[in-house]
Amino acid sequence: MGKKRANGEGNIRKRKDGRWEGRYTAGHNPETGKAIYKNVLGRTQAETRAKLKAAIEETKSLDITKVGKYTVGTWMDEWFENYAKVKVRPSSHQTYRGYIDNHIKHNIGKIPLEKLTSLELQKLYKKLLTSGRIDRIESKKQRKGLSPKTVRNIHQIIASAMKLAKEQRLIVTEPTEGCALPKLEHREMKTLPVEQLASFLREAKDSGVFEMYYVELATGLRRGELLGLKWEDIDLDRGNLRVKRQIARINGEIVEAPLKTKNAYRTLPLAEDTIAVLKQQKKKVGSSHLVFPSPTGGPISPDSVLHMLHRVLKRAGLPRVRFHDLRHTFATLALQNGVDIKTVSGMLGHFSAGFTLDTYAHVTMAAQKEAAKAMERVLTAAL
């Protein structure tokens, strides 16, 4: 029986066509024990020797019995099922699945895993930025490309999968390293000024959506949290509201989903005026279990609520703001009227008061300046 050639051993010969061939043992089949041979070609003996040395070094970093087993698409599925599902919170599973199916597999899924390059990823990111948005009726007026933040999220998912692939010796280098990522857009925080609230709420009442936007301004709920409210979550007698779920669009479907963090599950107190508005809403929707149902009785699409908001603002002659800016309006007014940062943070469902402080630093700084001026007046009067 012939002696097994050790992994990495190689030899060079000149072929009949004039080229040089370097042949080496890349590994052994775990089932049969037979050697797996690979070769490199060169125009000169020196070139072939250099290529052979590089190939042997590369082989040491790879499990040759698995190389060629996966495409990018099948590896992303493997990574998601056996790695991401364990490490990522359940509420993010469908988001990850959507990124993988709609953007990663759809564009680069057929590429052999070991052939994926940084250039292929750069082309993918460029395409996603310009035309990556999934078409649907409610997004016809939105830009065609994904936001820089979403593209960076997709990059992080690919990077995590490639890191595991390298650890499993399926690839030599991680193609995500060195990729140029799009810069995040800096969106200036907007709020509805106090002097505009009356016009906004008056138009909301005329448009038949007063109760929904009043409750939003009174509680600062996230859009999905507001749409996910059920009457079982609200105790009108005790005056409190429990945030327990959200409505989200996942893989094109409007579904009920768990909240993203444990801090998002919270109980909020309701003022008497807000209780009165909710009682009015309960009469309005009758037997619906949802506080703010769609005309068909199911949950309202998050996109529809945004379009509704823009219509109300336009009719009221007010500048356009995002739905999330109504949440900013709640937080800003609360801070400006003396509510402490920790209380506001808890009501917003933030993971820490520090995050709230960073987000609304401009508001707290203005309050500090007012406090300094107040002290100045006191001290000046004492002189």
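The values are calculated or read from the model by the stated rules, or taken from the named source; none is laboratory data. Because the structure is a prediction, the values reported are computed rather than measured. Positions of Cβ are generated from backbone atoms using ideal geometry, with glycine treated the same way; all protein chains shown enter the neighbour counts.
Remarks
- When LYS149, LYS127, LYS140 are screened for being under 23 Å from ILE250 (Cα atoms), of a type in the set (Lys, Arg), at pLDDT 90 or above and loosely packed, with under 13 Cβ neighbours inside 10 Å, only LYS149 passes.
- Scanning the range 200-215 turns up no residue that is under 24 Å from the mean Cα position of the chain (by Cα) and closer than 27 Å to LEU348 by Cβ.
- Members of the range 310-357 that are closer than 18 Å to PHE200 by Cα and touching a His at 6+ places or on another chain (Cβ under 7 Å): ARG320
- Meets criteria (under 30 Å from THR332 (Cα atoms), modelled with pLDDT of 85 or more and surrounded by 12 or more Cβ atoms within 10 Å (Cβ to Cβ)) for LEU121: no
- Only one entry in THR329, THR359 is among the β-branched types (Val, Ile, Thr), surrounded by 13 or more Cβ atoms within 10 Å (Cβ to Cβ), under 18 Å from LEU221 (Cα atoms) and in contact with a Gly (Cβ under 9 Å, 6 or more places away or on another chain), namely THR329.
- Filter result (part of a helix (DSSP H, G or I) and over 20 Å from LYS190 (Cβ atoms)) within the range 331-346: ILE341, LYS342, THR343, SER345, GLY346
- When restricted to residues that are within 22 Å of SER147 (Cβ to Cβ), of a type outside the set (Lys, Arg) and free of Cβ contacts under 8 Å to residues at least 24 places away in the same chain, the range 103-123 contains 2.
- Residue selected from the range 53-102 under the condition touching a Gly at 6+ places or on another chain (Cβ under 6 Å) and in a helix (DSSP H, G or I), by the criterion surrounded by the most Cβ atoms within 10 Å (Cβ to Cβ): VAL72
- So LEU221, is it in a helix (DSSP H, G or I) and either farther than 30 Å from GLU58 by Cβ or without any contact (Cβ under 8 Å) to a residue 40 or more places away in the chain (or both): no
- The condition (being out of contact with any strand residue (DSSP E or B) (no Cβ under 8 Å at 6 or more places or on another chain), assigned to a helix (DSSP H, G or I) and under 30 Å from GLN94 (Cβ atoms)) is satisfied by just one residue among LEU181, LEU197, LEU201, LEU164: LEU164.
- Candidate set from the range 221-280 (those that are out of contact with any strand residue (DSSP E or B) (no Cβ under 8 Å at 6 or more places or on another chain) and of a type in the set (Ser, Thr, Tyr)); member that is surrounded by the most Cβ atoms within 10 Å (Cβ to Cβ): THR274
- Long-range neighbours under 8 Å by Cβ, at least six apart or interchain, first residue small (Gly, Ala, Ser) within the range 179-199, second surrounded by fewer than 13 Cβ atoms within 10 Å (Cβ to Cβ) and not in a helix (DSSP H, G or I): SER199/GLY317
- Selection over the range 77-102 of residues that are at pLDDT 95 or above and more than 17 Å from LEU164 (Cα to Cα) gives a count of 0.
- Scanning the range 75-132 for residues that are β-branched (Val, Ile, Thr) and out of contact with any strand residue (DSSP E or B) (no Cβ under 8 Å at 6 or more places or on another chain), we see that the one that is farthest from HIS155 (Cα to Cα) is VAL86.
- Hits in the range 242-293 - residues which are on the phi < 0 side of the Ramachandran plot, assigned to a loop (DSSP other than H, G, I, E, B) and either of a type in the set (A, V, I, L, M, F, W, C) or within 20 Å of the chain's Cα centre (by Cα) (or both): ARG245, PRO258, LEU259, LYS260, THR261, TYR265, LEU270, ALA271, VAL291, PHE292
- Hey, VAL215 surrounded by fewer than 20 Cβ atoms within 10 Å (Cβ to Cβ), among the β-branched types (Val, Ile, Thr) and assigned by TED's automatic domain parsing to the domain that holds MET347 or not: no
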